[in-house]
Amino acid sequence: MTHPSTARHHWLMKSEPGECSIDDALQAPGATVAWTGVRNYQARNFMRDAMQVGDGVLFYHSSCPEPGIAGIARVASDTRPDPTQFDPSSPYFDPKSPADKPRWLLRDVQALKKTRLIGLPEMRATPELTDMVVLQRGSRLSITPVSEAHWRFITEKMAGR
DNA sequence: GCCAACGTTGGC
DNA sequence: GCCAACGTTGGC
């Protein structure tokens, strides 16, 4: 029996392509970017408590003309404080975050490959994906868990070609 | 730009 | 602890 803490998880992580697209991530040193700007406790807790280095990530483009899954990535580091919370010039500045007890965390994410754009309308039209957390009514979380079945269906049946 | 849905804040 | 007001997200 596999211990739960060692079970591999999968995630969908939203990024605005105007800020960091899958192409930007692939061109970064080591194809790795710091996932800055998470300012929601539930999303932070996913990163802190459930993510593990090596977990698979669906790299999702949001707030753009064609929202959808744009690539595959992996969790590449443990959590560390998100430096943008202490930067007054950053849009992610949080004046209430204590310097000695940072409120917001990030992980490094390594882009592995760009896929064809699996658009949100296509995702919604795919019966196998109707239970995905990101597709539920009112879902706004920038980081959501992805089941093994959804991960396999997307990466094996949809991302190719 | 609109607005539904959800999260956070702060007075009480 | 309640909850109204306000802010944010993100698709459209």
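Annotation for the stretch A:1-71: trypsin sites (Lys or Arg not before Pro) lying in DSSP loop with at most 13 further Cβ atoms inside 10 Å of their Cβ are A:Arg8. Expressed as a whole number of Å, what is the distance separating the alpha-carbon centroids of the stretch A:13-72 and the stretch A:126-157? About 15 Å separates the Cα centre of the stretch A:126-157 from the one of the stretch A:13-72.
Which stretch or stretches of the stretch A:112-156 have amide N atoms under 17 Å from the point lying 7 Å from A:Ser97's Cα along the Cα→Cβ direction? Answer for the stretch A:112-156: A:142-143. Relative contact order of the stretch A:4-158, taken over Cα pairs closer than 8 Å and 6 or more residues apart, is 31 percent. The antiparallel fraction among DSSP beta bridges confined to chain A stands at about 80%. Going Cα to Cα from A:Lys96, which lysines come in below 27 Å? Please leave out same-chain ones fewer than 8 positions away. Here the lysines satisfying the reach criterion relative to A:Lys96 are A:Lys14.
Measuring r between the beta carbons of A:Leu117 and A:Ser63 and using R0 = 22 Å, the FRET efficiency lands at 0.90.
No lab work stands behind these numbers, since they all come straight from the coordinates. Values in this document were obtained by computation on a predicted structure and should not be read as measured data. Positions of Cβ are backbone-derived with ideal geometry, glycine not excepted, and every protein chain shown enters the neighbour counts.
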